[in-house]
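Here is the structure we will look at.
What follows draws every value from the coordinates through simple rules; no lab data is involved. This one's a predicted model, so the numbers in the text were calculated from it and none came from an experiment. Cβ sites come from the backbone with ideal geometry, for glycine too, and all protein chains shown count toward neighbours.
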Amino acid sequence: MADINSEGPIKNSKKIIIVEDDVLLNKALCKVFLNAGYEAIGVGSVKEGLHAFEEGAVLMIIDIGLPDGEGFSLCRKVRERGETPVIFLTARDDEPDMLRAFDCGADDYLVKPFPLAVLLKHAQAVLRRTRGDDTQEFCYRDLCMDFARKRVTLCGEEVKLTPKEYILLELLARNRKRVVTKQMMLEQIWDAEGSYVEKNTVHVTLSRLRKKMEPDSANPLYIKTVFGLGYTLGE
């Protein structure tokens, strides 16, 4: 069976290969991942799965029963070539098959039928566990950060920050949509170095950072105060 669904190329860092010989299910799976922002490649055999994997992928989703063999053999071959995570999707719910899947290198095992939204959450959880926080760029509105180069731009113009200002902004960026408390900032930025910290150190550093970044520091677009809790980057 040729590629059932192939959109892209986007980037191999976003490519998920789905090896499933049920054409309708394969298309449905591809659609879920495409809608979530991934590149989804759908194939229906061990041979096609290996061929698709030659160009790399962040995740393999494999059925056990395939026309030209079992998914176990494909999983072993993928594992021999690197650390790409593998999730098995199968109707087999007996313990020996589950154990065999994990023994050959599987990272997760889902039994059909299953909600597609649940599969997506399982896949994202596996990717978080296996890849860690390897993001090297962050963008929000007109703010962009290059973590590798320690560079910040706003509306395309570089923003000159002190080391502490940059570390504080990166902490907020890496915890986007989470509240970062003052205590977390002190522990991760200042106390980690054993530095003596004045009571208003965080407030002063945030104020300087806002003056360099915010069009109106009294009504910030980027670094927002969550009263009584801490700070967050953006909405």
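Divide by every residue of the chain the summed helix terms, -39500 (n - 2.57) for each DSSP H run of at least 4, and state the resulting mean residue ellipticity at 222 nm, rounded to the nearest 500 deg cm²/dmol.
Computed mean residue ellipticity for the chain: -11000 deg cm²/dmol.
For MET98 and ALA28, FRET efficiency with R0 = 22 Å and r from the beta-carbon atoms, rounded to 0.05?
With a Förster radius of 22 Å, E is 0.40.
Which helices count as membrane-span-like in the chain under these terms: full DSSP H, at least 20 Å along the axis by C-alpha, Kyte-Doolittle mean of 0.0 or more?
Going by DSSP H runs, the hits are 116-131.
Extension gain ASP146-GLN188, at 0.36 nm per residue separation less the Cα-Cα distance, in nm?
In short, 13.1 nm is gained.
Applying a 10 Å radius around every beta-carbon, put 91-97, 121-127, 176-182 in order of their mean neighbour count, most first.
121-127, 176-182, 91-97
Among the lysines, select those whose C-alpha is under 19 Å from the C-alpha of LYS121, and discard any that sit fewer than 8 residues away in the same chain.
LYS14, LYS15, LYS27, LYS31, LYS112, LYS177
Gain in length, VAL118 to THR225, computed as 0.36 nm per residue apart minus the alpha-carbon separation, to one decimal in nm?
Numbers: separation 107, 0.36 × 107 = 38.52 nm, distance 3.36 nm.
So the chain would gain 35.2 nm between VAL118 and THR225.
Once you've got the GNM for the chain with C-alpha springs shorter than 10 Å, pick whichever of GLY44, GLY105, GLY156 has the biggest mean-square fluctuation.
Between GLY44, GLY105, GLY156, it is GLY156 that shows the largest mean-square fluctuation.
Report, in whole Å, the centroid distance computed from the Cα atoms of the range 13-73 and the range 79-138.
12
Taking only C-alpha pairs under 8 Å that are 6+ residues apart, what is the relative contact order of the chain in percent?
It comes to 12 percent, rounded to a whole number.
Rank the residues ASP108, ASP142 as a footprinting-exposure proxy: fewest other Cβ atoms within 10 Å of their Cβ go first. It would help to have the intermediate numbers written out before the result.
On the way: ASP108 19, ASP142 14.
Ascending number of Cβ neighbours within 10 Å: ASP142, ASP108.
Assuming R0 = 41 Å, can you tell me the calculated FRET efficiency for the pair VAL204 and LEU110, based on Cβ-Cβ distance, to the nearest 0.05?
For VAL204 and LEU110, the calculated efficiency is 0.25.
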